[in-house]
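Values quoted throughout were computed directly from the atomic coordinates according to the rules given, and no laboratory measurement underlies them. Predicted, not measured: the structure shown is a model, and the values here were computed from it. Note that each Cβ is placed from the backbone with ideal geometry, even for glycine, and that neighbours are counted across all protein chains shown.
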Amino acid sequence: MTFKADWEKPTHCIELLDETIFSMIAQAYPDKRIQTHHVIDGGCANINVRVQLEQEDNPILLRVYLRDKEAPYREQNIANLIHEEIPIPRILYIGLVNGYRFAIAEWMPGITLRELLLSDQPYDMHDVMYRVGKLLAKFKHYPFPKAGFFDRDFNITPSINGECVHFVERCLQDKNVATVLSKKIRDAIAKHLGQYKHLLPDPKEAHLVHGDFDPANVLVMQHEDHWQVSAVLDWEFAFSGSMLWDVANMLRYAHQLPETYQQSFLTGLQNEGVTLPEKWQITVHLLNLFSMLDLLSRKTLSESPRQCVDIKNLIEHIVSSLDEACLRKRSFSKA
């Protein structure tokens with residue numbers, strides 16, 4: 001189940017009526033007619049529609065926000081800030097129709113990195129992941145005055161690492177989490193959190209973080225004899241903080257892939273001037289635990305069995321890795 005490929009789709013998906021889609025396009029392009037349109041598979045938190053207008057060479061993306069109506073403004077601000085250096089779809093229009101907040105964005109060519117990695121077509125994993133690492137390193141070119149979350153006007157609401165610790169402690173008491181994770185695993189998480197919380201990212205780090213930087217949100221396209229990154233999509237979870245959050249996302253399933261997946265990604269980062277902290281692996285494990293527990297607390301085993309099992313397996317792998325780190329530390333201390 002690498003890269004969430006087999007996860008269930010949310011049960012709250014809605015279908016947009018064609019009339020609603022036509023009204024949205026008409027609001028943004030009153031003098032244009034739709035030639036073709038189709039909903040893109042893969043999302044229920046947002047609905048994405050590929051639209052081809054008559055007498056236009058390139059399609060556009062209609063993006064309807066079901067979860068967070070402020071998200072398109074954040075995405076627009078981020079795109080305006082970084083589009084000259086980082087490939088990102090620019091937001092061309094934001095509107096409201098029948099209570100639905102929507103945006104018109106540039107159409108970006110390519111397939112997802114997840115699709116490429118899980119396909120049978122030939123590609124050079126070292127080259128692809130090296131390019132992804134080099135691209136992520138550029139995010140550090142965008143510092144902010146403080147860490148925190150962006151509002152629609154790009155103001156920052158501060159956040160602190162301590163909130164993450166308390167959040168995990170609450171998650172460990174959640175009934176959905178307790179249904180999926182054994183008490184032994186939950187106790188081990190609590191133990192490792194207490195032991196390693198000093199390795200959480202420096203709260204003073206304040207650079208651009210994508211927030212969901214995984215292969216499903218990276219587009220790649222073939223150029224001559226190699227694959228290159230054509231776009232980074234879905235910036236609605238972006239915030240100001242530590243790059244290690246994005247490193248954690250990209251490496252979450254690394255243990256299920258050839259070693260070159262992680263090594264080449266890290267080499268790309270390092271060759272662009274990024275120096276990871278000495279015990280970055282433990283920090284990445286903690287950050288992935290936070291994300292996985294958050295997801296698990298919002299899912300039930302009966303409604304999302306495949307997703308819950310995948311998350312359970314990921315968490316058990318992380319706990320096992322942290323157990324091994326503890327054993328190595330004890331062995332080193334005794335030597």
Measuring from label point to label point, each 7 Å out along Cα→Cβ, what is the Ala45 to Ser23 span in nm? 2.7 nm
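Pairs to check: Lys4/Lys175; Lys9/Lys197; Lys140/Lys191. Give those whose C-alpha atoms are more than 28 Å from each other in this structure. Mind dumping the intermediate values first?
On the way: Lys4/Lys175 23 Å; Lys9/Lys197 33 Å; Lys140/Lys191 32 Å.
The answer is Lys9/Lys197; Lys140/Lys191.
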Normalised radius of gyration for the range 2-106, please: alpha carbon Rg relative to 2.2 N^0.38 Å, two decimal places. 1.11
Report, in deg cm²/dmol and to the nearest 500, the calculated mean residue ellipticity at 222 nm for the chain, where each DSSP H run with n ≥ 4 adds -39500 (n - 2.57) and the sum is divided by the residue count. -13500 deg cm²/dmol
Based on the mean of other Cβ atoms within 10 Å per residue, sort peptides 242-255, 191-204 so the most packed one is first. 242-255, 191-204
In the neighborhood of Tyr100, defined by Cβ-to-Cβ distances under 11 Å, what is the net charge if each Lys or Arg adds +1 and each Asp or Glu adds -1? +3
Taking the alpha-carbon set of the range 216-335, what are its Rg and Dmax in Å? 17.0, 55
In whole percents, the bins of 5 Å from zero upward hold the Cα-Cα pairs of the range 132-211 as 3, 12, 18, 16, 15, 15, 12, 8, 1
Once you have the Kirkwood Rh of the range 80-183 from its Cα pairs, apply Stokes-Einstein at 4 °C and 1.567 mPa s and quote D in µm²/s. 69 µm²/s
With all distinct Cα pairs included, what does the Kirkwood hydrodynamic radius of the chain come out to in Å, to one decimal, could you say? 21.4 Å
